[in-house]
Each structure stands twice: as C-alpha cells, then as structure tokens.
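Trainee: Right, I'll just put the structure down here and ask away after.
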Amino acid sequence: MIAITGAGGKTGRALVRALAQRNAPTRGVVRSAAGGAPLRMLGAADVAIADFADAARLAEAFAGADAIYHICPNMHPDEVAIARTVLAAARRAGVPRFVYHSVLHPQVEAMPHHWLKLRVEELLFTAGVAYTILQPSAYMQNLLAYLPAICAEGIYRVPYAGHTRLGMVDLDDVAAVAARILTEPGHAGATYELANDEAFTQDEVAQMLADVLGRSVRFEVLDRREWASAAQAGGLPAYAVATLARMFEYYEAHGFWGNGTVLTALLGRQPTTLQAWLRRQHGLCA
Ligand SMILES: NC(=O)c1ccc[n+]([C@@H]2O[C@H](COP(=O)([O-])OP(=O)(O)OC[C@H]3O[C@@H](n4cnc5c(N)ncnc54)[C@H](OP(=O)(O)O)[C@@H]3O)[C@@H](O)[C@H]2O)c1
C-alpha cells in the first residue's frame with residue numbers, strides 16, 4: 001500500500017491514476033471527507049482523512065503502508081514544518097520508504113518555495129528513512145490556467161516577458177516515473193531531476209498554440225502588479241501571491257529549464273514534447 005499525502009491536488013490525482021495503471025494499491029490522504037470520492041474514482045483503493053497539522057491522524061493514515069509519497073500543497077509557507085510532522089508520523093507508523101515531491105533547482109534562494117523544498121531535502125538526509133527525492137520542472141498542465149484568454153481573445157497572456165525560456169514537463173510523465181519508483185527497489189538515496197530536453201520562449205509557445213489551434217494566438221505580457229491584484233482578489237493567500245511573483249521575476253531574468261537524460265532513462269522512452277502534449281488536449285477551446 002502506498003500512502004499519498006496532498007493526494008487531492010493535480011499531482012496527487014495524476015499519481016493515483018499512474019499507480020492504478022500498475023495495479024499498485026494506494027491510500028489517498030486528504031484533509032476532508034469530500035476529497036475521498038474523486039480519488040476512489042481515479043483508482044485509489046483506500047482514502048484516509050488527516051490534516052497536515054495532526055501528527056496522530058497522519059500516523060493512523062500511514063498505518064500498514066509500504067511507502068509514503070509526500071506532496072506538500074503548492075506555495076505553502078509551512079512546507080518545512082509540514083515535512084517534519086509527516087516524517088515523524090511516518091516513523092511512528094513504521095513506514096520504511098519515503099518519496100518526496102520536490103522541484104527542479106530547489107537551490108534557488110530567490111524562489112522561496114524552492115528554498116523551502118531544499119530545506120526539506122536536507123531533513124531527509126538525517127531522518128533515518130530510505131528516501132527518494134523527485135525534482136520535477138514546471139508542468140505543461142500549468143498552461144491550462146491561461147486557456148480562457150487564449151480561447152476567448154486569441155491572446156497568450158502570462159506575467160513574464162516573451163523572451164522567457166521555460167522547459168516544461170508533462171505531469172503524467174512525472175507521475176509515471178513516481179509510480180515506477182514506488183513499485184520497484186533500487187531508488188533509496190536517489191535524487192532525480194525530472195526535466196525535458198526542450199525549452200521554449202513564450203513567443204514560441206504562443207506560435208505553437210496558434211499552430212495546434214489553427215487560429216491566431218499572440219503573446220502579451222500581463223503586468224505583474226495587475227496579476228497580483230487579480231490573484232489576491234480571487235482569494236490566493238498573500239504568501240502564495242508574493243512567492244509566485246518572485247518566481248515569475250526569476251523566470252523572466254534567468255529562464256527555467258533542465259536536462260531530460262534522467263527522465264528519459266526512468267520513463268524508458270522520450271519525454272512527452274510540448275507540441276505532443278498540446279495536440280493531446282483535444283478541443284482545447286471547445
Ligand atoms: N505546478 C508545477 O508546475 C509544479 C512543478 C514542480 C513541483 N510542484 C510541486 O508540486 C506540489 C503539489 O502541487 P499541486 O498543485 O499538485 O498541489 P495542491 O493542489 O496545491 O495541494 C495538494 C493538496 O493539499 C491539500 N492540503 C492543503 N492544505 C492541507 C492541510 N492543511 N492538510 C492536508 N491537506 C492539505 C489540498 O487539499 P484541498 O483539496 O482540500 O484544498 C490539496 O488537495 C507542490 O509542492 C508544488 O510546489 C509543482
């Protein structure tokens with residue numbers, strides 16, 4: 001049994017699906033009962049309810065698990081404290097394996113959520129568990145957030161400049177690798193960067209969208225202050241708004257991409273290209 005924390009998010013759902021394809025039983029750990037049914041629909045064998053603040057409930061949720069896949073909520077200021085609690089619960093439940101969903105280049109202090117993930121990685125070295133760390137690049141699936149403007153106005157509008165070079169990875173490739181690692185031996189003590197060999201400027205992404213959709217799509221920069229006001233008005237917590245803004249600044253200044261060698265080896269095939277992923281999203285604007 002593989003227990004997955006943060007299982008109700010997009011990463012957790014992709015992992016539940018990937019493990020179900022391998023017939024590996026999963027227990028989705030969610031914070032409220034409402035999160036259970038969707039995970040069962042995706043193939044989760046079991047669901048447990050536990051908040052990250054509740055070590056005792058977490059330990060109960062982990063009982064009998066062979067491994068834990070820990071996913072912290074995105075842009076969470078308490079990522080290190082949450083990891084400490086989850087690790088303590090894992091020890092209490094006697095779970096022998098721990099896989100941590102980190103991020104590509106956690107060493108970047110200018111992006112606070114990356115820096116917190118590096119601190120969690122550091123914790124794992126001394127936690128006394130057989131750990132594996134996965135460091136995925138930004139997901140292609142993030143592009144779906146920009147679809148309304150692309151479809152309604154023919155504008156690909158993001159809060160960084162057109163020259164910003166990003167290498168994105170298909171979340172389903174990441175989930176397939178995570179599922180493999182969780183269901184075979186030989187990965188204890190490993191840290192794997194999960195990136196794609198390609199990287200595109202945002203001008204190029206707009207062109208690719210136009211090609212796939214068969215319609216004109218132009219790139220436009222969304223002013224970051226305008227983005228922040230809209231995000232805050234939409235209910236995004238202040239820490240997440242500030243952290244995302246710093247990530248956008250970093251992306252614009254330096255780009256963000258990695259190398260596909262490790263992902264290719266672990267997938268046993270070439271990673272999904274951005275063009276193939278876009279083509280797979282049938283009826284993007286339907
Ligand atoms: N997006 C990317 O491109 C990318 C790339 C690399 C790494 N990552 C990392 O991937 C991780 C997962 O991101 P995601 O977007 O899949 O996850 P997410 O949706 O932000 O969060 C996952 C789940 O955590 C749950 N949660 C929140 N607070 C909780 C609490 N106090 N106790 C228990 N559960 C709680 C949420 O439950 P509710 O559904 O009830 O709110 C949610 O379903 C993040 O750490 C992110 O940094 C993301």
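The values are calculated or read from the model by the stated rules, or taken from the named source; none is laboratory data. All values reported here derive from a predicted model rather than from experimental measurement. Positions of Cβ are backbone-derived with ideal geometry, glycine not excepted, and every protein chain shown enters the neighbour counts. These area figures cover heavy atoms from the full protein model, side chains too; ligands, DNA and RNA do not enter into them. Shrake-Rupley method; radii C 1.70, N 1.55, O 1.52, S 1.80 Å.
Trainee: In degrees from 0 to 90, rounded to the nearest 10, what is the angle of the helix 171-182 Cα long axis to the longest principal axis of the chain?
Mentor: With both axes taken from Cα atoms, the answer is about 20 degrees.
Trainee: Could you please state how large a percent of the accessible area of the chain is carbon and sulfur, counting protein chains only and using a 1.4 Å probe? Could you put the intermediate results ahead of the total?
Mentor: Working: 6580 of 12410 Å².
C and S fraction of accessible area: 53 percent.
Trainee: While we're on this one: Give the Cα extents of segment 188-286 along the principal axes, in whole Å, largest first.
Mentor: In descending order, the Cα extents are 44, 43, 25 Å.
Trainee: Helix 238-254 versus the longest principal axis of the chain: what is the Cα-based angle in degrees, 0 to 90, to the nearest 10?
Mentor: Rounded to the nearest ten degrees, it is 60.
Trainee: Now for a different question. Need one word for segment 26-161: rounded, prolate or oblate. Basis is the Cα gyration tensor (sqrt eigenvalues a ≥ b ≥ c); a/c below 1.5 gives rounded, then a/b vs b/c decides.
Mentor: Oblate shape, in that a/c is at least 1.5 and b/c is the bigger or equal ratio.
Trainee: Averaged per residue, what accessible surface does the chain expose to a 1.4 Å probe, in Å²?
Mentor: With the other protein chains kept in place, the chain gives 43 Å² per residue.
Trainee: Just flag the GluC sites (Glu not before Pro) in segment 92-187 sitting in loop per DSSP whose Cβ has no more than 12 other Cβ atoms within 10 Å.
Mentor: 109
Trainee: Say R0 is 30 Å: what FRET efficiency, to the nearest 0.05, do residue 276 and residue 222 get from their beta-carbon distance?
Mentor: Details: r = 27 Å, r/R0 = 0.89.
So, using R0 = 30 Å, E works out to roughly 0.65.
Trainee: Which translational diffusion coefficient, to the nearest whole µm²/s, is obtained for the chain from the Stokes-Einstein equation, given a Kirkwood hydrodynamic radius over C-alpha pairs, 37 °C and 0.692 mPa s?
Mentor: 167 µm²/s
Trainee: Also, quick follow-up: By how many degrees, between 0 and 90 and to the nearest 10, does the Cα long axis of helix 224-233 differ from the longest principal axis of the chain?
Mentor: With both axes taken from Cα atoms, the answer is about 50 degrees.
Trainee: Name every cysteine in the chain that ends up alone, with no second cysteine's Cβ under 4.7 Å, or say none.
Mentor: Lacking a cysteine Cβ partner under 4.7 Å: 72.
Trainee: What residues of segment 123-154 lie in the reach of a label at residue 229, counting those whose backbone N is under 20 Å from a point 7 Å from the Cα along Cα→Cβ?
Mentor: Counting only backbone N, you get 149.
Trainee: When ranked by the protection proxy of mean other Cβ atoms within 10 Å per residue, highest first, what sequence do the peptides 15-26, 171-182, 274-285 form?
Mentor: Values: 15-26: 20.2, 171-182: 22.8, 274-285: 14.3.
Packing proxy ranking, top to bottom: 171-182, 15-26, 274-285.
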